[in-house]
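Heads up: the structure comes next, in structure tokens.
No value in this document is a laboratory result; all are computed from the given coordinates. None of these values were measured; they are calculated from a predicted model. Here Cβ is always computed from backbone atoms with ideal geometry, including for glycine, and neighbour counts include all displayed protein chains.
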Amino acid sequence: MDEITDADLLIDIVPFIDTVPIQTIEVQQEIEQAYLLSTTAVFTSMNAVEAVATWQYDQQPDWMIYCTGATTKKLAGEYFGEEKIAGTADSAAELAELIIESADTDDVIFFCGNQRRDELPEILQQEGINVQEIIVYETIQLPVKITKNYHGVVFFSPSAVTSFFKNNNDAQEGILSDIEEEFSSDPEDEVCQINEKIQKLKDELEKQHSKMTVVEYNWKRAIYEYLTLSNNNNGCRKISDSLEAAKKVSLMVVYGKQQESGILQTFG
């Protein structure tokens, strides 16, 4: 955010999702039982760390902890002890590979949310590692209708992308996206129907997500969501037509200097 501010951009931060710890008796018992185990624990979200720490009661679990991201690592170290951090990675897929390579274990406990991505448990299970998932928080969508015009938007979560398009089916003018490159290498652009592109993106998101970075996944997810809505609302159109509207949607980092009402908006 500091770099964006230094670049002379105005920023509106709008929450399109919220996360809430699950505090049922069943989840509490699962977490308390996990505290008694000597095991490998996995966190891919700071929200999961916070939710698990709610039931810590000064216990220091005998865990080898693997986590993604600097913030998640920092919180896990503060709550459970920095010496317990066995490894970190930038993505869930990379973390799964690290666990396979370095953790001598057949079982892991994955503390996660109700909308977690699939790659980590899938990769571990493919290697014969049993994954016990404990869902400790839920993600709640907070759809909001956007009325301002923006030069760009930034998403930090696939869930925020979905929430955004619930009330913003037609992206606003002024939200520019450099997505032409996504299609420019496709010789069938001028004749391809929108549903073909939707299916292609759907296949990529379902079958290749473990090979994508978070940025790439979110970017493709936003395009998929928009084109799906465009198709549902307006019928089947050529990609060349829908691109003009899709230019109004931006995912991850979109660059543009401040102009009169030029504002960069972040979602989720």
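The dipole here belongs to the range 58-170: it is taken about the Cα centre, uses +1 on the Cβ of Lys and Arg and -1 on the Cβ of Asp and Glu, and is about 1000 debye. Our summary of shape: the Cα atoms of the range 32-98 have principal axis extents of 31, 20, 18 Å, ordered from largest down, in whole angstrom. Here Leu205, Leu124 are placed in order of increasing Cβ neighbour count within 10 Å, fewest first, which gives Leu205, Leu124.
How big is D, in µm² s⁻¹, for the range 19-140 by Stokes-Einstein at 37 °C and 0.692 mPa s if Rh is the Kirkwood radius over C-alpha pairs? Write down the numbers at each step before the final one.
Details: Rh = 14.1 Å.
My calculation gives 233 µm²/s for D.
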